[in-house]
1. Pull up region A:296-318, narrow it to residues that are more than 12 Å from chain B (Cβ to nearest Cβ) and in a loop (DSSP other than H, G, I, E, B), then point me to the one that is surrounded by the fewest Cβ atoms within 10 Å (Cβ to Cβ).
2. What are the residues in region A:18-52 that are closer than 26 Å to residue B:54 by Cβ and open to solvent by 60 Å² or more (accessible area, probe 1.4 Å), if any?
3. Just name the residue that is farthest from the chain's Cα centre (by Cα) out of those in region A:1-56 that are within 14 Å of chain B (Cβ to nearest Cβ) and acidic (Asp, Glu).
4. For region B:64-90, name all the residues that are in contact with a Lys or Arg (Cβ under 8 Å, 6 or more places away or on another chain), at pLDDT 85 or above and either crowded, with 17+ Cβ neighbours inside 10 Å or more than 9 Å from chain A (Cβ to nearest Cβ) (or both).
5. Just give me the residues in region A:165-200 being over 20 Å from residue A:301 (Cα atoms), in contact with a Gly (Cβ under 7 Å, 6 or more places away or on another chain) and at pLDDT 75 or above, in sequence order.
6. Select from region B:1-39 the residues that are among the hydroxyl-bearing types (Ser, Thr, Tyr) and facing another protein chain (nearest Cβ under 8 Å) and write down the one among them that is most open to solvent (accessible area, probe 1.4 Å).
7. Pick out the one residue from A:224, A:243, A:274, A:281 that is among the hydrophobic types (A, V, I, L, M, F, W, C), within 14 Å of chain B (Cβ to nearest Cβ) and closer than 27 Å to residue A:92 by Cα.
8. In region B:47-90, what residues are more than 13 Å from the chain's Cα centre (by Cα) and in a strand (DSSP E or B)?
Amino acid sequence: MEAKVETLRNQRRKRFMTRGITFAVASGICYGLYTGFLTLAETQGVWGDWFAGTEWGNGHEALNAFTITFTLAALAAGLNDLFSGIWSIAVCAKNRQLGDFWKTLKTKPGRVMMLCAIIGGPFATICYVIGLNSATASGSPGVIVPIAALNCAIGAILGRILFKQELKAHKVVGIFVCLASAAMIGGASFATMGPDALLGCVFAFLAAFGWGFEGCVAGFGTILIDYRIGIAIRQVTAGLLELLIAFPVLAIMGGGIGSVPELLGAAITSPALLIFAISGLFAMPAYSFWYKGNSMCGTALGMACNGMYAFWGPLFIWITLGVLNIGGMSADYPPLTSAQWIGAIVMVIGIFCIAVNPLEIVRKKQEE
Amino acid sequence: MTSKLPLYYAIMRHFADGKPDCAEGVMQDLRTDYGSYKLFTRKDIEEALATAKENGLLNECDWKLDAEGELQTFYAANDFGKDMIRRHIE
């Protein structure tokens, strides 16, 4: 009886851990897909003219540098997040959770979730898109993804400080291995780095900080809120703030009040909108599995698995824009280098170090 | 009760008094109010409890085998958990 209970407990613990890691890894893959489709969307229709700095629509003047860098980032982030918010609400509706969604909004944990959305949405996502766009302009969209992946280290450290989550030596080593491999994946692109890429890296780092904070606070919040409701609150709040506040403010700063309806109108009537709907579809599990994975296996491990998007991001950018040649600019998106593939393997080793203590495995082997 | 708490809040509040219980116990207590919820299943509730344990709100305190030979895990809120529940849900 005792032995049977012990066996069942071990099985259950293993199953739970495996499930948490699966969620966290899946979130990284969806993250890569969302980044790939977002990059793609910003090359299509009127977005292509905007970023090329040419006349657009019916003889509108080319956009100025401020608008291209900041306003378009807020618009793209807002469209993406609002779409993913709509998808997340659809999932809640399917699970008949809309009542709980509404009630949760009005409670304290619900408001904490909205605070996370403010930092992770308008702040971090816009920084991420600014970074992505600057790096794309300099010819190396992959370079900023690993820098944004620093959020796993920042999240683990904040988790230690704010919530006293354990951070043992092997986890710290694992985090460093992950960071080193992330640098290796992006490293190839550093060689050709121009001033645009440097600007991209600075904004990617700001995004990493915002998401690091969000990952540890929101991941913790999901113990009180179902993760499907949590993500719906997060994406709707982020999308609305980006579109209703960040975008108009930046648009007015860059081109006056008239540019608000002009840009928004052009964006929502462009066929690229459909691609934003797809990037939003992948952004939903990217964030919700991230929350879920973090709360099931701890911030450090959850965020490290999620951080594998340092590899998935460039991979899916290459597949959608390079291999599949959607957008017709395949030559601009060459295959991944061997350094990037090796970096991915090293990252898996780093994640393994965070998940299990290698010294304990050695000790167990010796006992047997 | 005029306005029910969201299901996940109700599950956590069940442990507010510090008494240990398992997923079946939670379900018995909440069935009247939440029985019609799509996510009111033993699997979903066990996962919520295991997640709360992983996050340091609940401790595992006992294990039994039920009539079908399935493992029943009993949880109780620790001081940190009781404090969180008191401050954030009520």
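1. Going through region A:296-318, the residues more than 12 Å from chain B (Cβ to nearest Cβ) turn out to be A:300, A:303-318.
Adding the requirement that they be in a loop (DSSP other than H, G, I, E, B) leaves A:307-308.
Details: A:307: 34, A:308: 27.
Selected residue: A:308.
2. Scanning region A:18-52 gives A:18, A:19, A:22.
3. Initial filter on region A:1-56 (within 14 Å of chain B (Cβ to nearest Cβ)): A:1-24.
From what is left, the residues that are acidic (Asp, Glu) are A:2, A:6.
Numbers: A:2: 45, A:6: 39 Å.
Only one residue fits best here, namely A:2.
4. The answer is B:71, B:72, B:73, B:74, B:75, B:76, B:85.
5. A:200
6. B:3
7. Working: A:243 fails: within 14 Å of chain B (Cβ to nearest Cβ); A:274 fails: within 14 Å of chain B (Cβ to nearest Cβ); A:281 fails: within 14 Å of chain B (Cβ to nearest Cβ).
Sole residue among the options that is among the hydrophobic types (A, V, I, L, M, F, W, C), within 14 Å of chain B (Cβ to nearest Cβ) and closer than 27 Å to residue A:92 by Cα: A:224.
8. Selection gives B:61, B:62, B:63, B:64, B:65, B:71.
The values are calculated or read from the model by the stated rules, or taken from the named source; none is laboratory data. Since the structure is predicted, the reported quantities are computational estimates derived from the model, not experimental observations. Cβ: placed from backbone, ideal geometry, glycine included. Neighbour counts: every protein chain shown. Please note that ligands, DNA and RNA were not included when accessible areas were found on the heavy atoms of the full protein model with its side chains. Shrake-Rupley method; radii C 1.70, N 1.55, O 1.52, S 1.80 Å.
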